[in-house]
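As structure tokens, the structure follows; a few thoughts come after it.
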Amino acid sequence: MPTINTIGFIGLGVMGNAMAGHLLAAGYRLCVYNRTREKAQNLVDAGAFWCPSPAELAPHCDLIITIVGYPADVEQVYFGDAGLIANARPGTILVDATTSRPDLAARIHAAAAARGIPALDAPVSGGDLGAKNATLTIMVGGDEAAFLEAKPVFDRMGKMAILQGGPGAGQHTKMANQISIAGCLMGAIEATTYAAAAGLDPRKVLLSIGPGSAGSWQLNNMVPRMLDGNFAPGFYAKHFLKDLRIALDAARAMKANLPLLELAERLFAKMSAEGMGDLGTQALYKLYESGLV
Ligand code: NAP
């Protein structure tokens with residue numbers, strides 16, 4: 001089994017910067033690239049090597065992690081003459097940690113395999129704090145041999161990495177995660193709206209229902225923020241809308257009928273149209289408060 005010495009990291013935003021930092025601290029040689037160069041400066045100052053493009057980064061690396069924003073960004077980084085697949089050495093493991101389309105993950109796996117390059121999809125949950133504290137949950141799709149080789153690297157960034165199945169299985173698992181969050185968030189908001197309509201004090205209601213079987217992370221963490229008028233992003237509403245749309249497309253392709261997911265997509269699309277895409281997901285409460293649902 002080849003040893004991983006040099007890791008490439010592309011996408012150094014909220015999540016990627018912290019994740020890459022853990023790999024550097026663990027002693028890996030790190031090559032970095034990001035669309036906006038300034039976001040790499042802290043890592044370069046700490047010893048990482050700046051590469052001006054994916055094509056120039058790829059040949060130096062034993063494993064390359066990408067965590068960019070949207071599926072279109074993933075396409076740009078992986079495909080074409082200047083992309084990772086055309087420029088990585090056979091045997092280099094490609095890991096896309098972006099929350100992206102399962103069918104795109106399968107396409108990357110097939111195109112990479114044709115050049116002797118293993119590819120994994122490995123989206124994460126745990127948010128910016130999970131990235132900072134190296135406590136992410138990593139949901140992986142792809143071949144077992146590549147997973148086992150990449151596992152020590154995953155263990156530097158997260159507390160749990162599970163191979164869920166073949167190419168795209170990591171993205172499908174992340175979609176299941178996002179669908180469950182949508183239901184918990186909408187349930188928490190409707191419970192709060194109902195309590196307020198009944199003339200109750202929603203904070204006091206939370207004391208009764210939060211610890212019981214109605215409790216969820218969304219109910220116990222997001223409702224206090226909503227009631228405080230704190231709509232700052234932990235997770236951007238615009239990124240959640242992206243995820244809901246990926247999940248809805250995949251569900252339709254699989255002929256899975258998911259009415260809650262359809263409603264969530266409609267409500268988050270409305271939030272975006274109302275200019276709330278840069279707020280946190282809990283700002284969905286504002287849509288209920290203003291009667292726009
Ligand atoms: P972000 O802060 O916007 O970071 C994305 C980074 O990727 C940006 O620095 C961006 O460059 C860079 N990038 C985009 N396209 C690129 C390209 N073609 N070439 C090179 N760099 C490119 O977003 P994030 O919050 O880290 O999220 C990243 C992904 O993780 C998203 O898919 C998100 O849904 C997912 N995720 C996020 C969280 C969270 O809590 N934030 C949790 C779980 C999963 P610029 O600096 O030029 O914009």
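Brief remarks on what is shown
- Residue that is nearest to the ligand (Cβ to nearest atom), among those in the stretch 40-75 that are surrounded by 14 or more Cβ atoms within 10 Å (Cβ to Cβ) and small (Gly, Ala, Ser): Gly69
- Extreme residue, nearest to the chain's Cα centre (by Cα), among residues of the stretch 114-169 that are part of a strand (DSSP E or B) and of a type in the set (Val, Ile, Thr): Val124
- Each residue in the stretch 247-269 was checked for being surrounded by 16 or more Cβ atoms within 10 Å (Cβ to Cβ) and in contact with a Leu (Cβ under 9 Å, 6 or more places away or on another chain), and 9 of them qualify.
- Some residue of the stretch 226-242 being loosely packed, with under 13 Cβ neighbours inside 10 Å and of a type outside the set (Gly, Ala, Ser): yes
- Enumerated helices (runs of 4 or more DSSP H) restricted to the stretch 171-262, each holding at least 1 residues that are touching a Cys at 6+ places or on another chain (Cβ under 7 Å): none
- Checking Gly130 against (1) more than 14 Å from the ligand (Cβ to nearest atom); (2) free of Cβ contacts under 8 Å to residues at least 40 places away in the same chain, the condition it does not meet: (1)
Let's see how each residue does on (1) within 14 Å of the ligand (Cβ to nearest atom); (2) at pLDDT 95 or above; (3) surrounded by 22 or more Cβ atoms within 10 Å (Cβ to Cβ); (4) in the same structural domain as Lys242 (by TED's automatic domain parsing):
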position	(1), (2), (3), (4)
Ala97	yes, yes, yes, no
Asp103	no, yes, no, no
Ala112	no, yes, yes, no
Leu120	no, yes, yes, no
Thr137	yes, yes, no, no
Ala145	no, yes, no, no
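- Scope the stretch 1-25; condition crowded, with 19+ Cβ neighbours inside 10 Å, under 17 Å from Asn87 (Cβ atoms) and more than 13 Å from the ligand (Cβ to nearest atom); matching residues: Ile7
- Some residue of the stretch 200-211 being open to solvent by 30 Å² or more (accessible area, probe 1.4 Å), more than 27 Å from Ser100 (Cα to Cα) and polar (S, T, N, Q): yes
- Failed condition for Leu84, given (1) open to solvent by less than 70 Å² (accessible area, probe 1.4 Å); (2) more than 12 Å from the ligand (Cβ to nearest atom): (2)
- Taken together, the criteria exclude Phe268 from residues that are assigned to a loop (DSSP other than H, G, I, E, B), of a type outside the set (S, T, N, Q), modelled with pLDDT of 95 or more and not assigned by TED's automatic domain parsing to the domain that holds Asp103.
- Across the stretch 60-70, the qualifying residues are those that are part of a loop (DSSP other than H, G, I, E, B) and of a type outside the set (D, E, K, R), and the one among them that is farthest from the chain's Cα centre (by Cα) is Cys61.
- Output for the stretch 26-39, where each listed residue is under 18 Å from Ala131 (Cα atoms) and open to solvent by 90 Å² or more (accessible area, probe 1.4 Å): Lys39
Listed here are the residues, each with its yes/no results for (1) of a type in the set (Gly, Ala, Ser); (2) part of a helix (DSSP H, G or I); (3) modelled with pLDDT of 95 or more.
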site: Leu12; (1), (2), (3): no, no, yes
site: Asn17; (1), (2), (3): no, yes, yes
site: Leu23; (1), (2), (3): no, yes, yes
site: Gln41; (1), (2), (3): no, yes, yes
site: Val44; (1), (2), (3): no, yes, yes
site: Gly47; (1), (2), (3): yes, no, yes
site: Ala58; (1), (2), (3): yes, yes, yes
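The values are calculated or read from the model by the stated rules, or taken from the named source; none is laboratory data. This one's a predicted model, so the numbers in the text were calculated from it and none came from an experiment. Neighbour counts are summed over all protein chains in view; Cβ atoms, including those assigned to glycine, are modelled from backbone coordinates with ideal geometry. These area figures cover heavy atoms from the full protein model, side chains too; ligands, DNA and RNA do not enter into them. Shrake-Rupley method; radii C 1.70, N 1.55, O 1.52, S 1.80 Å.
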